[in-house]
Amino acid sequence: MSDKYKRLLEYTITEAQRRVIQAIVDNGSIAAAARAIPQDKRGVVRVLRKVEAQAAKRGYAPDHGLDRPAPRGYRIRGASTLYDKSGEAVMQWVKTTADQERQAEILEEALAAMRESIPRIEPIEPDKIARNDDLLNLHIVTDYHMGMLAWGEECGEDWDTDIAEQLLYRWFDYAIAQAPDAHTGVLAQMGDFLHFDGLLPVTPTHGHVLDADTRYARVVRVAIRSMRRIIESMLSKYQHVHIIVSDANHDPSGSIWLREMLAAFLDDEERVTVDDTPGTYNCYVWGQTSLFFHHGHKRGVGNVAETLAGTFRDQYGSTKYSYAHLGHRHHTEVKETSMMTVHQHRTMAARDAHAANGGWVSGRSAEIVTYSRERGQVASMTVTPEMVGG
């Protein structure tokens, strides 16, 4: 029995779970463990059942004939056992699938271990930066789908990782040069920056096969490199740079590691802040102007305002002008209500085969929106790929 509990230690997720299972191992029984912690016996049993369920998802449930755990990052999708006439198991088939939640946990664990050794961007001096202290420029990147493959003959335009990286640089060079002088620049990366979210090019939730042009490791490398270059360019224009990386449906794990890595890269740069909110909604306040961000996969143009106002009640209530920004659907839609103006944005990325063959047609562009501390939105600029040689 003690060996079983020792094995369960491998499947604990939280420190509290590990403390309870270790107490059972050390004291030999649930009752003795409860007295040693001390904790109510029913509480110990609840934790034990939770850890047993976690272990079963990974393929370890010896009381039910499962003793071949799936690799880390995977969970058991099903198991079939063949028994002989005497009731002895003679063969077993175990089906596994990627465990998105556990993969996200693994990434977070790795990032925590790597954090101190990640090379950081050296602080940049704000040398003679021209700025208007009343203004903020919002640079929006949404649904960029780095790592996607589109064949021009099928989809209308070519797209791959090289094209995506170079277009991103040209777009930001143009946008930073043309945008008004402002004190603060906000980089709102509103999700689906990466086309796929792991070693297999499939959608995280439903497992639909995606058109990918390269390996995930290269997509990660290009994503980090391009974001660092953009941030350094923004620091040459703005006194302060604020970064938002929104949760989304194509890259839920990618948004976690990208957000955490940027925070680690930039923690010596006093002129940069990174919103490390792990949730689905983000907010930034600029004087009397409140800005809200959501990828758009949970709430849309018609019903996001109530959610944002309720989630950020203090920020919404203390400002005079409120604006929400969404992506996800790849086309423009604007809805103005008594609560706020909600703007759904296009993408700069080309269509993939799924969109092209499904008949979903929209233009390609990105926007820079300028806000005043006291007057809300005062300007906007639309940039298309053709304007920057895309």
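What follows is calculated from the coordinates using simple rules that are stated; it is not laboratory data. Note that the coordinates shown come from a computational prediction; the quantities given were computed from them, not determined experimentally. When we count neighbours, we look across all protein chains shown, and the Cβ atoms used for this are built from the backbone with ideal geometry, even at glycine.
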Next item on the list: Taking amide H positions as placed in the peptide plane 1.01 Å from N, state which residues far from A324 in sequence (5 or more) or on other chains have amide H under 5 Å from it.
Entry: F292, T341, V342, H343
Item checked: Descending semi-axes in whole angstrom, ellipsoid equivalent of the range 125-388, from the Cα gyration tensor -> 28, 21, 18
Note to self: Could you compute the net charge surrounding E374? Neighbours are other residues with a C-beta less than 15 Å from the C-beta of E374; K and R count +1, D and E count -1.
What the structure shows: +1
Margin query: Suppose each label sits 7 Å from its Cα in the direction of the beta carbon; what would the R225-Q178 distance come out to in nanometres?
Written below: 2.6
Margin query: Taking the beta-carbon count within 10 Å as an exposure proxy, list D3, D160, D251 from fewest neighbours to most.
Written below: D3, D160, D251
Item checked: Cα point-scatterer Debye curve for the range 250-306, base-10 log of I(q)/I(0) at q = 0.15, 0.18, 0.22, 0.29 Å⁻¹ -> -0.58, -0.79, -1.01, -1.20
